[in-house]
Structure formats: structure tokens, C-alpha cells
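Q: Below is a structure I'd like to ask you about.
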Amino acid sequence: MPDTTLVAQTGRRTGSPSSRRLRTEDNIPGVLYGQGMAPITLSVARRDLRLALSGAAGTNTLLSLSVEGKTYPAIVKDLQRHPIRRNVSHIDFLQVNMREEITISVPVHLVGEAKEVLNEGGLVDAAVDTIDVTCTPGNMPNEFVIDISAMVPGDVIRLEDIPMPAGVTAHGDPDMPVVTTLMLRATAEEEAAEAAEAAEAAEAAAEAAGETGEAAPGGDAGE
């Protein structure tokens, strides 16, 4: 069984008034469901949930969910948040079979500093926040840590470039960008060169117009 235990309370009434009362008491209404079981309405203490999910795995923490003396291996399937305060207002738990694969979203975390990109006035951008993978509950990765130190302007790290732990399969197009480099501004030399080219082009156009006798733009041809 998982090492992280979370105790839930049952017997709560369904409906908005009951849920609001629970939240006022700093409890979070929720439900536990899974294959082969009837859904169980429950609630968990906000503080206990925060502590249970405070480890490196975050919301992907494999839990021993204790409900009326019975323990279920479970993960957080969905967190609903208040649209303004952003605190958790409802939680769905999914009972898992430790031998069966599940699909989860694993966070992407960038480390290091891409100095060559920064020196050229660019930045490194995570194209995705998470990567979807399939694995058994015991093989769930906490996060994908990607070192960007060696990246140079124009580099792209794609899904196929991310090493997958044993027993973990990534979902999506292997060519999907995961980390990209963005150039925000041209260098001073490039800006000067572009300005010089624009000036030369304008001068050449003026000379050509003078040689052919063309009127300046906006002029009266009868003058």
C-alpha cells in the first residue's frame, strides 16, 4: 500500500448548502470512485489534504485513503477550485489497482540557465506544462526535470528527447515541442545593418525615380 495516508469522513449530505457548510468548517467535499465499486461521497480536512500532497509528487501522490476503517489505494483525479480565491472547492479520488496501468499528467520542470540563448537576447520557454504518460501507480514519475543549460538559439527539445523511466510510456506526437527557444530582439549590430539596408534601398529608389522622370508619390503629373 502507499505510504501517504489521508483520512476521509463519510456521511455528508449532498447538495450546495451542505458543501458550503463543509467549506466553512475548512473541509473539502469530494467523492471516491473506481472500477467495480459504488461511488462514496466523503470529505477531507483541507489541512490534511495539503499535507498529503506536499511531497514531490504533488497531486500525483499515491494515497492510502482511509474511509470508515477501510483503506483504498487512490490518486487525485480532479481538483475543482474557486474561480476567484483559487482554493480547492471539490475533489475527486480514483481508486487504483496497483497492477493496472493508468494515465496521468506529469509536470515539466526546467533547471539550469541557457546562457547562450540569454546572451543573444532570447529566452527558453516551456511549450507544455505537463506530459501525459501511462504507467502503473507504483511507477508514477513525480516530474520530468529538463536541464536547459546546453540550449542555444534555435534549439527545440521534443517529446522524443525526454527519457522515460522504466514502465512509463509517453502519450502524444514524438515530434511535439516540449521546450523551445524564443528570440525577443535583434542585436545592436543586426539593427544597425537593417537600418543601413533600408536607407540604401530608399536612396536607390529615389535615384531610379529621378532617372526615369517619375513624379514623387502623391505629386501632380501635370505640373
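Q: For the list (1) open to solvent by less than 20 Å² (accessible area, probe 1.4 Å); (2) among the hydrophobic types (A, V, I, L, M, F, W, C); (3) in contact (Cβ under 8 Å) with a residue 60 or more places away in the chain, I need the number of the one condition that Val31 fails.
A: (1)
Q: Residues being small (Gly, Ala, Ser) and at pLDDT below 95: count how many of those fall in the range 136-165.
A: 2
Q: Filtering the range 123-174 down to residues that are out of contact with any strand residue (DSSP E or B) (no Cβ under 7 Å at 6 or more places or on another chain) and β-branched (Val, Ile, Thr), which residue is farthest from Glu113 (Cα to Cα)?
A: Thr136
Q: Here is a follow-up. Output the residue which, of all residues in the range 68-88 that are buried (at least 18 other Cβ atoms within 10 Å of the Cβ) and not basic (Lys, Arg), is nearest to Met140 (Cα to Cα). Full working, then the answer.
A: So the first thing to find is which residues in the range 68-88 are buried (at least 18 other Cβ atoms within 10 Å of the Cβ), and the list is 72-77, 88.
Still in the running and not basic (Lys, Arg): 72-76, 88.
On the way: Tyr72: 17, Pro73: 13, Ala74: 13, Ile75: 11, Val76: 13, Val88: 23 Å.
It comes out as Ile75.
Q: Only one of Leu49, Leu22, Leu32 is assigned to a helix (DSSP H, G or I) and within 26 Å of Asn139 (Cβ to Cβ); which? It would help to see each step written out before you state the result.
A: Values: Leu22 fails: within 26 Å of Asn139 (Cβ to Cβ); Leu32 fails: assigned to a helix (DSSP H, G or I).
Going through Leu49, Leu22, Leu32 in turn, just one is assigned to a helix (DSSP H, G or I) and within 26 Å of Asn139 (Cβ to Cβ): Leu49.
Q: What residue, among those in the range 109-134 that are under 30 Å from Ser64 (Cβ atoms) and buried (at least 19 other Cβ atoms within 10 Å of the Cβ), is farthest from the chain's Cα centre (by Cα)?
A: Taking the range 109-134 first, the residues under 30 Å from Ser64 (Cβ atoms) are 109, 129-134.
Imposing the further condition that a residue be buried (at least 19 other Cβ atoms within 10 Å of the Cβ) reduces the set to 131, 133.
Working: Ile131: 8, Val133: 14 Å.
Filtering the range 109-134 for residues that are under 30 Å from Ser64 (Cβ atoms) and buried (at least 19 other Cβ atoms within 10 Å of the Cβ), the one farthest from the chain's Cα centre (by Cα) comes out as Val133.
Q: Within the bounds of the range 189-197, is there any residue that is surrounded by fewer than 12 Cβ atoms within 10 Å (Cβ to Cβ), modelled with pLDDT under 95 and part of a loop (DSSP other than H, G, I, E, B)?
A: no
Q: Out of Ile40, Ile28, I need the residue that is more than 24 Å from Ser105 (Cα to Cα) and of a type outside the set (Asp, Glu). Which one?
A: Of the residues listed, the single one that is more than 24 Å from Ser105 (Cα to Cα) and of a type outside the set (Asp, Glu) is Ile40.
Q: Any idea which residue in the range 135-163 is nearest to the chain's Cα centre (by Cα), counting only those that are among the hydrophobic types (A, V, I, L, M, F, W, C) and open to solvent by 60 Å² or more (accessible area, probe 1.4 Å)?
A: Only one residue tops the list, namely Val145.
Q: Note down all Cβ pairs under 6 Å where the first residue falls in the range 85-97 and is within 22 Å of Thr24 (Cβ to Cβ), the second is part of a loop (DSSP other than H, G, I, E, B) and modelled with pLDDT under 95, and they're at least six residues apart or on different chains.
A: Qualifying pairs under 6 Å: Ser89/His82.
The values are calculated or read from the model by the stated rules, or taken from the named source; none is laboratory data. Here the structure is a predicted model, which is why all the values come from computation and not from measurement. Cβ atoms come from the backbone with ideal geometry, glycine included; neighbour counts cover every protein chain shown. Ligands, DNA and RNA are stripped out before the accessible areas are found, and what is left, the full protein with its side chains, is counted by its heavy atoms. Shrake-Rupley method; radii C 1.70, N 1.55, O 1.52, S 1.80 Å.
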